[in-house]
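Have a look at the structure below, then the notes.
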Amino acid sequence: MPNVIINGVGSCIPEQVVKNEDFLNHEFYQENGEPFPYENDVIIRKFEKITGIRERRYAKPDQRCSDLASIAAKNALANSTVDKEDLDYIIVAQNFGDIDDQSNRIDIMPSLAAKVKHQLGIENPKTSCYDIVFGCPGWVQGAIQASQMIRCGDAKAVMVIGAETLSKIVDKHDRDSMIFSDGAGAAIFQATENPTGGFLSQASRTDASAELAYLAMGPSFKPDLAGNGNKFIKMKGRKIYEYALVNVAEAIKTAIEKANLDLDDIDKVLIHQANEKMDEAILLKLYKLYGYEPDVKQLMPMTIGKLGNSSVATIPTMLDLILRGELEGHEIKSGDHVVFASVGAGMHINAMVYQVP
């Protein structure tokens, strides 16, 4: 059974910076259609305190999700020794496809992965392409699938991309819209005969009873727009926080134990950048499960403050920034054990343990 290593990582961080103060003149409404009883500066101040988000990145109006994915893919190939024609699969984790700026309609045919193959100019017909919709944990799930395909001998090189343009699918009258951002990250998973390092283990779960409604599509909160047929991301923030706090740390612990490791063996936990307070609470819960004193800031890098929540793109983008030495105070070196973990719409949770060769 071959081992699986990452050979090349790249990202696409859009140029447009949107700061919290840019929302001061927005019209925010509550779920019942009523305006908030306080000013936007109060809303924004509370928002930043809870989420840790100060600014985020948006794609240009003419940039589609598949465009961002293709840029990240090109950067991953440039950082790799894999030839693009030798890719067996391209997997794109996404949730909303390419979105039309004018109509708020989702375009997922053909798949974004096929569009990426086209933009990369890959001629090999054996490079198969498909998308996966798995909420925010989509890129980690794609990484798990790629590793499993390689380990069973079905592939030798698989590119996994997480890409999203959430700014095009948010309700601008919902204060939660300030959480979401755009971006893309890509990694190439490759077979190796070297027994040292690589993919070690994974854990996944889905809860789809009451949890199904925690993140879903819904009409605008602004009453005169609610009946126009457009739907936007809607989330029950408190429910998600409670669900994540109970379940994500358990999934991470399961993956670590499957790898025959202890929390002390883990050098970094790259967790989906959903909410700074929630991510910190998850890691504190993980330490509690092991009975250790917490060292959250060293173990868990954060990018949400400047990049916001770009869903499937958050983890590969963070990995790329660390490997390029652009995330101050954090590095990943040979021999390190790294956990990728995420939670999102479904509700889905997954975790993967990887040792840097």
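The values are calculated or read from the model by the stated rules, or taken from the named source; none is laboratory data. Please read all numbers here as calculations on a predicted model, not as lab measurements. Here Cβ is always computed from backbone atoms with ideal geometry, including for glycine, and neighbour counts include all displayed protein chains. The protein model used for the area step is the full one, side chains on, heavy atoms only, and it has no ligands, DNA or RNA in it. Shrake-Rupley method; radii C 1.70, N 1.55, O 1.52, S 1.80 Å.
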| message | If I150 meets every condition in (1) within 23 Å of S342 (Cα to Cα); (2) assigned to a loop (DSSP other than H, G, I, E, B); (3) over 20 Å from the mean Cα position of the chain (by Cα) apart from one, which number is that one? | response | (2)
| Criterion: at pLDDT 95 or above and surrounded by fewer than 21 Cβ atoms within 10 Å (Cβ to Cβ) - qualifying residue of N124, N104 | N124
| field | Residues of region 225-238 satisfying the condition of being exposed (fewer than 11 other Cβ atoms within 10 Å of the Cβ) and modelled with pLDDT of 90 or more | value | R238
| remark: Within region 67-95, residues being under 18 Å from I315 (Cβ atoms), in a helix (DSSP H, G or I) and either touching a Ser or Thr at 6+ places or on another chain (Cβ under 9 Å) or of a type in the set (D, E, K, R) (or both) number 5
| Failed item in (1) of a type in the set (G, A, S); (2) in contact (Cβ under 8 Å) with a residue 60 or more places away in the chain; (3) touching a Cys at 6+ places or on another chain (Cβ under 6 Å); (4) in a helix (DSSP H, G or I), with A143 passing the rest | (3)
| message | It is to be established whether one or more residues within region 333-342 are farther than 15 Å from I266 by Cβ and in contact with an Asp or Glu (Cβ under 9 Å, 6 or more places away or on another chain). | response | no
| field | Enumeration of residues in region 26-66 that are in contact (Cβ under 8 Å) with a residue 40 or more places away in the chain, surrounded by fewer than 12 Cβ atoms within 10 Å (Cβ to Cβ) and not in a loop (DSSP other than H, G, I, E, B) | value | none
| task | Show the residue pairs that are 6+ apart or on different chains and have beta-carbon atoms under 7 Å apart, the first residue being within region 211-234 and more than 19 Å from I106 (Cβ to Cβ) and touching a residue at least 40 places away in the same chain (Cβ under 8 Å), the second being open to solvent by 40 Å² or more (accessible area, probe 1.4 Å) and in a helix (DSSP H, G or I). | result | Y214/K239
| said: Cβ-Cβ under 8 Å, sequence separation 6+ or interchain: first residue in region 271-284 and closer than 14 Å to L299 by Cβ, partner of a type in the set (D, E, K, R). Which pairs? | reply: I271/D279
| request: Among the residues of region 290-323, count how many are open to solvent by less than 60 Å² (accessible area, probe 1.4 Å) and either assigned to a helix (DSSP H, G or I) or under 16 Å from H337 (Cβ atoms) (or both). | output: 20
| query | How many residues does region 344-357 hold that are at pLDDT 95 or above, out of contact with any Lys or Arg (no Cβ under 8 Å at 6 or more places or on another chain) and farther than 30 Å from A213 by Cβ? | reply | 2
| One residue from A251, A255 being among the aliphatic types (A, V, I, L, M), in a helix (DSSP H, G or I) and over 18 Å from the mean Cα position of the chain (by Cα) | A255
| Hits in region 320-343 - residues which are within 22 Å of A244 (Cα to Cα) and either modelled with pLDDT under 95 or aliphatic (A, V, I, L, M) (or both) | V338, V339, A341, V343
| request: Please specify each residue of region 179-218 satisfying the condition of being of a type outside the set (S, T, Y), surrounded by fewer than 22 Cβ atoms within 10 Å (Cβ to Cβ) and not in a strand (DSSP E or B). | output: E193, N194, P195, G197, D207, A208, A210, E211, L212, A213
